[in-house]
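The values are calculated or read from the model by the stated rules, or taken from the named source; none is laboratory data. Given the structure is predicted, the values throughout are model-derived calculations rather than measurements. Every residue, glycine among them, receives a Cβ derived from its backbone with ideal geometry; neighbour counts consider all protein chains shown. The accessibility values were calculated without ligands, DNA or RNA, using every heavy atom of the protein model including side chains. Shrake-Rupley method; radii C 1.70, N 1.55, O 1.52, S 1.80 Å.
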Amino acid sequence: MRGSEGGEPPHRVYYMSKYDITEMSVIGWMCIPSDARRTATGHFRVLRDSLHTDPHLHILAAGQRDMTHWLEIIAAIPRVTVGAAYRHNATYEQLYPALVDELIDWHTADDSPASIVFDGNGTETLRASRRQLPHGRSRVAEQPGLIVPPERDFLQAADLIAFSAFHSMVKRESHRFMHDWYPRLLPKAEGPFPL
């Protein structure tokens, strides 16, 4: 997607998180173009002020009403896209390289730059073992490092996206209330698709 002047397309940052158990791993993401970051940050500031639980609590520890409110806000942010990918009987470390390969294909096709910020505890070795691309062709960079306050919200959103995508596929009775959250509250979401 080129800018209105035909220049460089906006840099996109994929905030990713995972939800995995023995039978399936899911990686959810929220993709924010650089020129939409301020808008996304503003939406999350309003969201934090409207929560029914402690605004400093991690979203997956919040109540059902707050979690659905987060998903509604995420869906309403202009130009922000969300999605999820999954793999049966695999760890998220096995799913991640396949997802990075998909992103490389997407961003190489339209020659747009992107980077990935993955939510983790710092011990993961998530460098993608991707196929060889001609030197300089990959427009996707992985960005390990310290997470600053607005990014915490973006990563918590990715947590909730992965969590709701997981429960839309693995329909456990204990999470019956979540079975339709992903398609209903994130109607423009990509996936969840298998990799």
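In region 168-190, the qualifying residues are those that are outside any helix (DSSP H, G or I) and closer than 23 Å to Ile32 by Cβ, and the one that is least open to solvent (accessible area, probe 1.4 Å) is Leu186. In the set (1) assigned to a loop (DSSP other than H, G, I, E, B); (2) under 17 Å from the mean Cα position of the chain (by Cα); (3) at pLDDT below 90, Pro97 fails one condition alone, (1).
Reported count of residues in region 15-29, each being out of contact with any Leu (no Cβ under 7 Å at 6 or more places or on another chain) and either modelled with pLDDT under 95 or more than 17 Å from Glu151 (Cβ to Cβ) (or both), is 9. Here His88, His56 are screened, and the one residue that is over 23 Å from Ala36 (Cα atoms), out of contact with any His (no Cβ under 9 Å at 6 or more places or on another chain), surrounded by fewer than 20 Cβ atoms within 10 Å (Cβ to Cβ) and at pLDDT below 85 is His56.
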